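A.B. asks: I'd like to ask you about the structure that follows.
The values are calculated or read from the model by the stated rules, or taken from the named source; none is laboratory data. Everything numeric in this text was worked out from a predicted model, so none of it was measured. All Cβ positions, glycine included, derive from the backbone under ideal geometry; neighbour counts span all protein chains shown. Please note that ligands, DNA and RNA were not included when accessible areas were found on the heavy atoms of the full protein model with its side chains. Shrake-Rupley method; radii C 1.70, N 1.55, O 1.52, S 1.80 Å.
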Amino acid sequence: MKFCFLFLFVNVIYNSDATFCGCKAVRETYEKMLKELTEEGEVECVSDASIGSSTVWVFLAALRQYSELLLTVKSDDLTFEGRYLHEVVLNIPRDKPEEEDSKPIIVLEAGQEGGVEPVGFALYIIEQLLGCKENEDMLKTVKWVILPCTNPDAMEYGRWSEATQLRLWRKNRRKLEEKGCIGVDVSRNFDTNWGACPKVENAFSSVYPGKSPSSENETIFVKQVLEKYKRHIKAYVSIRRNGHAILYPYAHAKNLHTDAQLEGAAADITAKVNQRAGTVHLFSNTSIFEFEDKARCGHSVDYAHSLGIPLSYEMRVFLGSENHILSKFQTLPRGYENTLRMGYYNGIRELYNIVAKERQYGKNKL
Ligand SMILES: *[C@@H]1O[C@H](CO)[C@@H](O)[C@H](O)[C@H]1NC(C)=O
Ligand SMILES: *[C@@H]1O[C@H](CO)[C@@H](O)[C@H](O)[C@H]1NC(C)=O
């Protein structure tokens, strides 16, 4: 088997001062995996790999083989074009089974609106959690459920398209026989307030929400995971491309009351992202409704919030060259993507700290 996107790593690891892919110290099993799988000329870190659905598959297959105790991968669900929807669970069980039962869960989900950037970031988080020794506590205290690529058909379609508009393709690729066109916007296909926005009946629209809620395999997949773990999920983050912000519910309406827990935690996460990445562009926090400047219905974050998941967020990453944040004239510093990635990761670690320490904001308890 050839793991071709992996690793030119051998030179780096024996150079003791070098930090490896952002780790201070590499875990032995991970080191063994890299040693056995790397061929010369291959990239070492997932952040250097070119991201596609085969990268996801190969990366997870390699990990499954080498860190079986820390990770399970479930790939039972399929998209229209026959790609897998993966559920990755990272966990170091606690010694006492009764403590294990009540362990808090963080769910990270990436790529619902297509694009490679969120998927690359999700793989980077997996690499950091599994590969770095110093992150062991993060696996002992919390169980991580990561859905690294929840709309792979859109990602692949956009990846091979020349035209900007098609690179931004966000819907899945299901053939809608009755309409004679392709794709439903998964990010508007969840049940919560699905019908509350002005109706989009035109199935050629890039925001066509489907004939009914939960009509898509991708939607059903995310829902099943949230349902399965909901009793212990403390945080759900939907990582999406184009933008630079953490956004809290609601999407379908303006918030009438402040939720001290949601907003306080978002502000702390924002500060941590800006500590690292604020020089590139200021990361911000607000509600999804206010970010969009209009209602968005059938949103997965509103859905998660309605299940009682206290910290439910959308996180927009990597700016995006074609969106409203960056004007054509703004130039970015060299290596800015690495800076952003480190910033976002710092934010995820802050989320972990909030969950692990049961940090309280206002009167609410997590
Ligand atoms: C949905 O998933 C099922 C089972 O995984 C699969 O058989 C089917 O082809 C998928 N359908 C669509 C439209 O994606
Ligand atoms: C984050 O949100 C708080 C209010 O909850 C606000 O005061 C602060 O300015 C926001 N920060 C950024 C950078 O958006």
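A.B. asks: Does residue 75 satisfy being of a type in the set (Ser, Thr, Tyr), in contact with an Asp or Glu (Cβ under 9 Å, 6 or more places away or on another chain) and surrounded by fewer than 17 Cβ atoms within 10 Å (Cβ to Cβ)?
C.D. replies: Numbers: of a type in the set (Ser, Thr, Tyr): yes; in contact with an Asp or Glu (Cβ under 9 Å, 6 or more places away or on another chain): yes; surrounded by fewer than 17 Cβ atoms within 10 Å (Cβ to Cβ): yes.
Yes: the conditions hold for residue 75.
A.B. asks: Every residue in the stretch 80-94 that is open to solvent by less than 10 Å² (accessible area, probe 1.4 Å) and within 12 Å of ligand 1 (Cβ to nearest atom), please.
C.D. replies: Correct list: 85 only.
A.B. asks: Can you tell me which residue in the stretch 212-222 is nearest to residue 112 (Cα to Cα), limited to those that are open to solvent by 40 Å² or more (accessible area, probe 1.4 Å) and away from ligand 1 (no atom under 13 Å from the Cβ)?
C.D. replies: Taking the candidates together, the pick is 213.
A.B. asks: In the set 277, 253, 196, which member is more than 15 Å from residue 305 (Cα to Cα), surrounded by fewer than 20 Cβ atoms within 10 Å (Cβ to Cβ) and small (Gly, Ala, Ser)? First the steps, then the outcome.
C.D. replies: Values: 277 fails: surrounded by fewer than 20 Cβ atoms within 10 Å (Cβ to Cβ); 253 fails: more than 15 Å from residue 305 (Cα to Cα).
Result: 196 is the single residue among 277, 253, 196 that is more than 15 Å from residue 305 (Cα to Cα), surrounded by fewer than 20 Cβ atoms within 10 Å (Cβ to Cβ) and small (Gly, Ala, Ser).
A.B. asks: Tell me, yes or no, whether the stretch 143-154 has at least one residue that is in contact (Cβ under 8 Å) with a residue 24 or more places away in the chain, over 30 Å from residue 232 (Cβ atoms) and hydroxyl-bearing (Ser, Thr, Tyr).
C.D. replies: No - not one qualifying residue is present in the stretch 143-154.
A.B. asks: Since residue 233 meets every condition but one in (1) more than 16 Å from ligand 2 (Cβ to nearest atom); (2) surrounded by fewer than 22 Cβ atoms within 10 Å (Cβ to Cβ); (3) under 16 Å from the mean Cα position of the chain (by Cα); (4) among the hydrophobic types (A, V, I, L, M, F, W, C), which condition does it not meet?
C.D. replies: Of everything listed in (1) more than 16 Å from ligand 2 (Cβ to nearest atom); (2) surrounded by fewer than 22 Cβ atoms within 10 Å (Cβ to Cβ); (3) under 16 Å from the mean Cα position of the chain (by Cα); (4) among the hydrophobic types (A, V, I, L, M, F, W, C), residue 233 misses just condition (2).
A.B. asks: Can you go through 240, 231 and tell me which one is touching a Pro at 6+ places or on another chain (Cβ under 6 Å) and either at pLDDT 95 or above or of a type in the set (D, E, K, R) (or both)? Let's see the steps before the verdict.
C.D. replies: Values: 231 fails: touching a Pro at 6+ places or on another chain (Cβ under 6 Å).
Only one candidate qualifies: 240.
A.B. asks: Here is a follow-up. State whether one or more residues within the stretch 151-173 are part of a strand (DSSP E or B) and crowded, with 18+ Cβ neighbours inside 10 Å. Lay out the reasoning, then the answer.
C.D. replies: We begin by selecting, within the stretch 151-173, every residue part of a strand (DSSP E or B); these are none.
Looking for residues that are part of a strand (DSSP E or B) and crowded, with 18+ Cβ neighbours inside 10 Å, one finds none in the stretch 151-173, hence no.
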